[in-house]
Amino acid sequence: MGKKSFRRPDGEAMRRLLGRNEDTCAGLILRLAWNMGLSLDEMHGLKWNDISFETGALRLSDRRVPLDADTVRCLQMRQGRQFHRVSEYVVISDRRRAHMHRVYISKTAQAALGTEAALKDITLKDLREDFVLRQLTLHDSAWVARISGLTLATLNSTYLPCVCPDAAAAAERKQHARVEAVELEALACTTGAPAGLAIWLAWKLGLELEELVALEWRQVDWTAGVIRLSDRQEAVDDTMRVLLRQAYDRRRPDAPPQILLSRNAQTPFDVSYLSRVVRMALIRGGMERIKLRDLKREEQRSEGGAAILAYAARTGHVNRNEAMELLHEGKTTVYRRLRRLTEQGKLVRIGAEYYPAGTVVPPEEQYDLIRAYLEREGGAYRQDLAALLRIAPQQCGWILQTMVKEGRLHREKQWYTLPEQETISS
C-alpha cells in the first residue's frame, strides 16, 4: 500500500477564517476540529461537563486533550452568551440555540470553509488529520496517540512518514524491541479496559496470565490506593485507577468477582483468551514484537534492579534474603529480579550470593583460572584460591569441594593440587 496523501488546509486562510468567527457556532466547530482534533461524532456528543478550564483539558471517553488558548477564548465567549445554560451540549446553533445534528455540524463547517477560496475543498476530516500532523511536528508519537485517540501503529505507519520520514523509518526499525513507559501508557489508555487494563497490570505488577485472570475486586483497596497480592501490595497509579474505574463501572451487578471480564458477555477470561486479546491490542498499538512476558514490571524492575545493584556495590554481594528485606517483596519476585540482573550481565551468581559484575571471577572461568594457578604454583590452600577468585573462603570451599568430587582437583587436608594424571600430562 502506498503512502497516504493528506489534503492540508492553508494555515493563513484558517487563521483569517477563525478571526472572523471568534464566537460563532461555525468558529467553535472549526476550532474543535483543527485545534483539538475532534471527530464529527465527538463534537456532536461534547458536553460542557467535559470541559475543564481549571485543568486546561477537554475530557473525552478515551482520552484527555489539552485546551489551546484560542479554543478556550471561543468557549468562554459562548459561555458569556449563556449557551451553557441553554443545553448541556457544547455545539449549539446560533439561531435556534439548540443542540445541532451531525449533518448540520458538517454543513455549517462546509459553509464557513467555503468563504475562503483556499479552503473550499477542505472537510472536517481534513482539519482533524491536519491537527494530528501538526502535533507530530511538536511531540513524539506516543504523546500524540494519547491526545488523538489514534493507535501508535497508525501514527507511525500513516502519519509520521508525511512529516518526518527519517523518524518513521526509525520507528519501523525499532519495532519496540524495548518497552517504553510513555508508549505503553498511551496504548493502555487508548485501548481501555479490559485489554488496556491487562497490559498495564502486567507492566506494573509483573503478573503472569494465570495471576491476571484470577485477580478479584476484593484485592483492590480504593481507600488505601493499593492492590493486595499474595506476597505484597502494590500502589495503584493514576493510569491504573482510571482503567480500573472503567472496568468497575462497566460490570453488571451480578458479574463474577474477577476484575478482567470480557467486554460484552461479562464473563471471566481464561488464559488463552486473555492472551489473544492482549496480543491483538499490542499489534494494533504497533508493538507486534512485544509479548506479555516482555511487559511484566519493566518500569519497577528497573527501579528495584537499581536498588539491588546499589546494595551489592556497597556491601560487595547480595543474596535473596537481603534483597527481599531491601525491597519488601516476596521470594519469587526477588528471585526473578536477581535472575534477570544475572542474565543481563550486571550480577554474577556464585552459590547463593550475587556479586557485582567485574568484581569476581565468573563461574565459567573459575576452573581455568584455578588450573593455571596450580600448574604454576604446584598447589594452594583454600584462602589462596578464594583470593584468586575474589570471593569469601566459605564460598570458595563449596566450589572446590564440587571440583574435587568431579575429579578435577585433588585435596589433601587443606592443600589443593591438580590430579596426578593431569600434572603428568602437562
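I'm checking my understanding of the structure. Among residues of region 19-56 that are touching a residue at least 60 places away in the same chain (Cβ under 8 Å) and β-branched (Val, Ile, Thr), which one is surrounded by the most Cβ atoms within 10 Å (Cβ to Cβ)? The extreme case among them is Ile29.
A quick yes/no check of all residues on (1) in contact with a Cys (Cβ under 7 Å, 6 or more places away or on another chain); (2) modelled with pLDDT of 90 or more; (3) open to solvent by 80 Å² or more (accessible area, probe 1.4 Å):
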| residue | (1), (2), (3) |
| --- | --- |
| Leu385 | yes, yes, no |
| Pro393 | no, no, no |
| Leu400 | no, yes, no |
| Val404 | no, yes, no |
| Thr423 | no, no, no |
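Of the helices (runs of 4 or more DSSP H) that lie entirely inside region 314-394, those containing 3 or more residues that are over 28 Å from Glu406 (Cα atoms) span 320-327, 331-343. The residue that is surrounded by the fewest Cβ atoms within 10 Å (Cβ to Cβ), among those in region 310-345 that are under 20 Å from Gln395 (Cα atoms) and of a type in the set (A, V, I, L, M), is Ala313.
Report yes if Arg78 is open to solvent by 40 Å² or more (accessible area, probe 1.4 Å), part of a helix (DSSP H, G or I), charged (D, E, K, R) and modelled with pLDDT of 90 or more, otherwise no. No, not satisfied. Number of residues in region 57-68 that are surrounded by 13 or more Cβ atoms within 10 Å (Cβ to Cβ) and touching an Asp or Glu at 6+ places or on another chain (Cβ under 9 Å): the value is 3.
When every residue of region 4-14 is checked against the conditions, at least one turns out to be assigned to a helix (DSSP H, G or I) and over 24 Å from Trp143 (Cβ atoms). Taking the criterion of being surrounded by 18 or more Cβ atoms within 10 Å (Cβ to Cβ), outside any helix (DSSP H, G or I) and either touching a residue at least 60 places away in the same chain (Cβ under 8 Å) or under 23 Å from the mean Cα position of the chain (by Cα) (or both), would at least one residue in region 101-111 satisfy it? No, because not a single residue in region 101-111 is surrounded by 18 or more Cβ atoms within 10 Å (Cβ to Cβ), outside any helix (DSSP H, G or I) and either touching a residue at least 60 places away in the same chain (Cβ under 8 Å) or under 23 Å from the mean Cα position of the chain (by Cα) (or both). In region 136-148, of all residues being in a helix (DSSP H, G or I) and open to solvent by 30 Å² or more (accessible area, probe 1.4 Å), the one that is farthest from Val242 (Cα to Cα) corresponds to Trp143. Here Val90 clears all of (1) open to solvent by 30 Å² or more (accessible area, probe 1.4 Å); (2) modelled with pLDDT of 90 or more except the condition numbered (1). Looking at this structure, is Leu124 open to solvent by 30 Å² or more (accessible area, probe 1.4 Å) and closer than 16 Å to Gly37 by Cβ? So Leu124 does not fit the description; no. The single condition among (1) under 47 Å from the mean Cα position of the chain (by Cα); (2) among the aromatic types (Phe, Trp, Tyr); (3) crowded, with 16+ Cβ neighbours inside 10 Å that Tyr373 does not satisfy is (1).
Residues in region 202-245 that are modelled with pLDDT under 85, among the acidic types (Asp, Glu) and either outside any helix (DSSP H, G or I) or more than 29 Å from Arg64 (Cβ to Cβ) (or both): Glu208, Asp231, Glu234, Asp237. Does Ile283 satisfy being open to solvent by less than 70 Å² (accessible area, probe 1.4 Å), modelled with pLDDT under 85 and assigned to a helix (DSSP H, G or I)? Answer is yes for this residue.
Within region 262-280, if we keep just the residues that are in a loop (DSSP other than H, G, I, E, B) and in contact with a helix residue (DSSP H, G or I) (Cβ under 7 Å, 6 or more places away or on another chain), the residue that is surrounded by the fewest Cβ atoms within 10 Å (Cβ to Cβ) turns out to be Asp270. Test of understanding: among Tyr381, Tyr367, Tyr355, which residue is in contact with a His (Cβ under 6 Å, 6 or more places away or on another chain) and surrounded by 11 or more Cβ atoms within 10 Å (Cβ to Cβ)? From the options Tyr381, Tyr367, Tyr355, the qualifying one is Tyr355.
Residues satisfying the criterion are present in region 62-73 (criterion: touching a residue at least 12 places away in the same chain (Cβ under 8 Å), outside any loop (DSSP other than H, G, I, E, B) and over 30 Å from Pro161 (Cβ atoms)).
Only a single criterion out of (1) modelled with pLDDT of 90 or more; (2) in contact with a helix residue (DSSP H, G or I) (Cβ under 9 Å, 6 or more places away or on another chain); (3) not charged (D, E, K, R) is not satisfied by Pro256, namely (2).
The values are calculated or read from the model by the stated rules, or taken from the named source; none is laboratory data. Quick caveat: nothing in here was measured; it's all calculated off a predicted structure. Positions of Cβ are backbone-derived with ideal geometry, glycine not excepted, and every protein chain shown enters the neighbour counts. Surface accessibility is based on the protein's heavy atoms, side chains included, excluding ligands, DNA and RNA. Shrake-Rupley method; radii C 1.70, N 1.55, O 1.52, S 1.80 Å.
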